[in-house]
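All remarks here apply to the structure that follows.
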Amino acid sequence: MAAPLGSAHLQRCLVSPTGRHSASVVFLHGSGDSGKGLRRWIREVLSQDLAFQHIKVIYPTAPARPYTPLKGGISNVWFDRFKISNDCPEHLESIDVMCQVLTDLIDDEVKTGIKKNRILVGGFSMGGCMAMHLAYRNHQDVAGVFALSSFLNKTSAVYQALQKSDGVRPELFQCHGTADELVLHSWGEETNSMLKSLGVSTKFHSLPGVYHELSKDELEKLKSWILTKLPRETERQIE
């Protein structure tokens, strides 16, 4: 297998803070999309960027790779799947390679002076699944995790990692449309229940009539949650 690319090779779309940078959000797109595409979609839904005075929003783009649900077709995906189902094994080899690449991205933020507990990771669909693997298996000291229209497989390595670990788990913000026909609402609910049973503090927001898509209500809820997890620092905190 080829060596994993470092984070310097991940294309990134950035929304810079309007003031002093003191926190970061890593927002991962769904399968077949891009960082630029996700930023554009959010801007269409909100009629503005997801932007903050003190928080940088980072939209990386997954590398192109063969994707089994597309019969091996090339797509920008964070990892491979055997099929789009919660009742099959995870493709852990590809997930673990990408966890390392995204760890490099988190490390880049830390090198600029941002503490791990001032970084949130999350995403839409496959991006949310990737974020849960990244945080709950590798970076339990981040500020929190968000997963929009996402799920974990029934025997996920995330559950196994949480069963073996102690300490505080990052809080999870999760939303899912009740009309989602690609990633079923019940898959998201089951994921949330499992994580809650393993000690994760979480709320599950059902979005009536919403399909496999982003909604304005969801993004406004997410923005409020981000600000509760990453408040502006006072001058005393900065010192």
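The values are calculated or read from the model by the stated rules, or taken from the named source; none is laboratory data. A quick note: this is a predicted structure, and the numbers were derived from the prediction, not measured. Because the Cβ atoms are built from the backbone with ideal geometry, glycine has one as well, and the counts that use them run over all protein chains shown. Surface accessibility is based on the protein's heavy atoms, side chains included, excluding ligands, DNA and RNA. Shrake-Rupley method; radii C 1.70, N 1.55, O 1.52, S 1.80 Å.
Let me make sure I get this right: for the chain, a, b and c are the square roots of the gyration tensor eigenvalues over alpha carbons, sorted descending. Under 1.5 in a/c it's rounded, otherwise prolate if a/b > b/c, else oblate. Which is it?
Values: a/c = 1.30, a/b = 1.25, b/c = 1.04.
It is rounded, given that a/c, with a ≥ b ≥ c, falls under 1.5.
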Inset, instruction - Of the listed pairs 115/154; 116/164; 115/216; 56/154, which have alpha-carbon separations greater than 27 Å here? - result: 115/154; 115/216; 56/154
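Can you give the percent of C-alpha pairs in segment 31-91 whose distance is more than 14 Å? Present the calculation step by step, with values, prior to reporting the outcome.
Numbers: 1180 of 1830 pairs.
The calculated P(r) of segment 31-91 puts 64 percent of pairs beyond 14 Å.
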Inset, instruction - Sticking to Cα atoms, compute the Rg of segment 79-123 to one decimal and its Dmax as the biggest Cα-Cα distance, whole number, in Å. - result: 14.0, 41
Legend entry - Dipole of the chain, positive end: most advanced residue of 103, 23, 222 [Cβ charges, Cα centre]: 23
Inset, instruction - Compute the convex hull volume of the Cα atoms of segment 18-148, divide it by the residue count, and report the result per residue in Å³ as a whole number. - result: 104 Å³
Inset, instruction - Can you find, among 74, 183, 119, the residue farthest towards the positive end of the dipole of segment 70-216? Put +1 on the C-beta of Lys and Arg, -1 on that of Asp and Glu. - result: 119
Legend entry - Helix-only mean residue ellipticity at 222 nm for the chain, each DSSP H run of n ≥ 4 adding -39500 (n - 2.57), per residue, nearest 500: -11000 deg cm²/dmol
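State to the nearest 20 debye the size of the charge dipole of the chain about its Cα centre, where the only charges are +1 on K and R beta carbons and -1 on D and E beta carbons.
Numbers: 27 positive and 26 negative charges, 81 e Å.
Magnitude of the dipole: close to 380 debye.
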Inset, instruction - May I ask you to give the solvent-accessible area per residue for segment 59-180, in square angstrom, as obtained with a 1.4 angstrom probe? - result: 36 Å²
Legend entry - Carbon/sulfur fraction of accessible area - the chain, other protein chains in place, 1.4 Å, %: 50 percent
